[in-house]
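The values are calculated or read from the model by the stated rules, or taken from the named source; none is laboratory data. From a predicted model like this one, the values you see are computed outputs, not experimental measurements. We place every Cβ from the backbone using ideal geometry, glycine too, and count neighbours over all the protein chains shown. What goes into the accessible areas is simple: the full protein's heavy atoms, side chains included, and nothing from ligands, DNA or RNA. Shrake-Rupley method; radii C 1.70, N 1.55, O 1.52, S 1.80 Å.
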Amino acid sequence: VSMTVGFIGLLLALWMHGRIGFSQIMLLYVMALQLIFSVGLGWILASLNVFFRDISQIIGIAVLFLMIISPIGYTADMIPAKLKFLAYGNPLYYIIELYRQALFGGISLPLLLGFTLVSLLSFVLGHRLFMRLKPVFSEYV
């Protein structure tokens with residue numbers, strides 16, 4: 001809810017300054033992809049957490065690591081070629097880059113299509129895993 005309110009405020013500010021265009025409207029699509037990816041990842045992690053209780057402890061460390069290597073305070077161009085594999089394996093990289101490109105104009109189509117595929121894959125795999133394991137959750141809780 002707060003992200004939607006903030007998004008409406010952002011669009012109003014862009015509109016008042018005359019800087020709204022197609023790429024800024026694509027923010028809606030990026031937000032939807034982020035939601036789809038997050039739900040799928042949530043289903044996967046929730047399913048695994050039932051059987052492996054330490055998953056919840058690992059998630060905190062993994063999120064911290066992903067935030068450290070995410071291109072928030074720097075651009076993707078500043079990442080050395082030898083370390084690009086870390087960025088490409090980080091789902092936050094795609095989300096942050098898509099938001100940055102949408103805000104500042106010109107979304108990269110390969111990046112958008114790639115994250116669309118990753119989001120849909122996460123959602124479908126997460127849903128299938130959750131529904132497949134749902135009948136046995138009560139035995140392990």
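Quick notes on this structure:
- Scan of the range 73-89 for residues that are open to solvent by 70 Å² or more (accessible area, probe 1.4 Å) and in a helix (DSSP H, G or I), ordered by number: Asp77, Met78, Ala81, Lys82, Leu83, Phe85, Tyr88
- Of all residues in the range 90-141, those satisfying the criterion of being in contact (Cβ under 8 Å) with a residue 40 or more places away in the chain, surrounded by 14 or more Cβ atoms within 10 Å (Cβ to Cβ) and aromatic (Phe, Trp, Tyr) are Tyr99, Phe115, Phe123, Phe130.
- Of the numbered criteria (1) hydrophobic (A, V, I, L, M, F, W, C); (2) in contact with a Leu (Cβ under 6 Å, 6 or more places away or on another chain); (3) farther than 22 Å from Leu10 by Cβ, the one Ile59 fails is (2).
- For the range 1-53, filtered to residues that are touching a Ser or Thr at 6+ places or on another chain (Cβ under 6 Å) and either open to solvent by less than 60 Å² (accessible area, probe 1.4 Å) or acidic (Asp, Glu) (or both), the residue that is nearest to Phe137 (Cα to Cα) is Asn49.
- Qualifying positions in the range 5-44 - over 25 Å from Leu113 (Cβ atoms) and assigned to a helix (DSSP H, G or I): Val5, Gly6, Ile8, Gly9, Leu12, Ala13, Trp15, Met16
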